[in-house]
Structure formats: structure tokens, C-alpha cells
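To start, the structure under review is shown below, and the notes come after it.
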Amino acid sequence: QVRLVESGGGSVQAGGSLRLSCGASGRIFSPNAMAWYRQVPGKQRELVASIGINGRIKYADSVKGRFTISRDNAKNTVYLQMNSLNAEDTGAYYCNSDPVLGGYWGQGTQVTVSS
């Protein structure tokens with residue numbers, strides 16, 4: 001059974017930083033690429049950053065140079081270091097495989113950036 005548990009969100013002022021963590025269990029972490037997704041009310045969930053099992057990384061243009069994704073394969077955990085946050089980064093953040101397999105989603109973690 002797949003389980004995804006996101007944590008680390010919060011409320012910060014513009015320019016601040018947060019580090020998100022996601023623990024995964026079940027047959028989802030390996031050998032898949034893992035990613036962080038962001039959802040804003042009224043908009044589709046979008047991929048923010050993705051990291052492959054071999055470390056290949058991709059970012060959405062809006063977060064390049066500010067966010068860093070990493071993974072610890074021994075701990076089945078994926079991280080997202082978010083720096084220089086701005087109001088457009090506000091949303092619920094979820095982790096999942098890339099591409100999404102099986103439709104499993106965790107509860108997400110809310111990030112709110114005030115300007």
C-alpha cells in the first residue's frame with residue numbers, strides 16, 4: 001500500500017525559506033522519479049520539481065535558481081528546499097512519482113507566502 005506523508009510547510013514572508021520533506025512507503029519510491037507538485041485553488045496541480053533515481057533533475061521555470069530538490073534513497077524521502085519565496089509560491093505542496101502512478105496522493109503541506 002502506497003503512503004505519502006508531506007511535512008515542512010508553513011507561513012513565511014516573501015524572501016524567506018522553507019524545507020519540505022516527504023516520506024514514501026509502498027512500491028512508489030524506487031525505481032521511480034519523485035517530484036513535488038503544487039496546487040492552487042482554481043488551478044490544475046503543477047509539477048514544481050522532479051528528481052530521478054539516478055539524480056536527474058528538472059524544475060519548473062518559475063522556481064529555477066530558487067528551489068532545490070533532493071532525495072535520500074535509503075530513507076525513501078524526497079526534499080524540497082525553497083529559498084527566496086514569493087507570493088506566487090503559495091499553495092498546497094504534494095509529492096508523488098513522476099509521472100503519477102496509481103493515483104495515490106498524500107495530504108499535502110500548505111505553504112503560504114505573504115508579501
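Numbers below:
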read-out: Candidates TYR94, TYR104, TYR37: whichever shows maximal mean-square fluctuation once the chain is modelled as a Gaussian network with Cα springs under 10 Å; value: TYR104
read-out: Under 5 Å, built H, 5+ apart or other chain: amide partners of ASN86; value: GLY15
read-out: Karplus (6.51, -1.76, 1.60) ³J(HN,Hα), θ = phi - 60°, over region 75-87, in Hz, Gly and Pro reported as x; value: 9, 6, 10, 10, 10, 9, 8, 10, 10, 6, 5, 10, 4
read-out: Cut-off 15 Å (backbone N to label point 7 Å along Cα→Cβ of ALA87), residues of region 1-33; value: 12-16
read-out: For the chain, built as a Gaussian network whose Cα springs stay under 10 Å, the top-fluctuating residue of ALA24, ALA33, ALA60; value: ALA60
read-out: Karplus (6.51, -1.76, 1.60) ³J(HN,Hα), θ = phi - 60°, over region 104-115, in Hz, Gly and Pro reported as x; value: 7, 9, x, 7, x, 9, 8, 10, 10, 10, 9, 9
read-out: Residues of the chain: accessible area per residue with a 1.4 Å probe, Å²; value: 53 Å²
read-out: Added length on full extension, which subtracts the Cα-Cα distance from 0.36 nm per residue, SER115 to GLN13; value: 36.1 nm
read-out: Carbon + sulfur, % of accessible area of the chain - ligands and nucleic acids excluded, 1.4 Å; value: 46 percent
read-out: Hz values of 3J(HN,Hα) by residue in region 12-18 - Karplus curve (6.51, -1.76, 1.60), Gly and Pro given as x; value: 9, 7, 3, x, x, 9, 9
read-out: Most to least accessible of SER30, SER97, SER11 (protein chains only, probe 1.4 Å); value: SER11, SER30, SER97
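The values are calculated or read from the model by the stated rules, or taken from the named source; none is laboratory data. The structure displayed is predicted, hence computed values, not measured ones. When we count neighbours, we look across all protein chains shown, and the Cβ atoms used for this are built from the backbone with ideal geometry, even at glycine. In case anyone asks, the SASA skips ligands and DNA or RNA and just uses the protein heavy atoms, side chains included. Shrake-Rupley method; radii C 1.70, N 1.55, O 1.52, S 1.80 Å.
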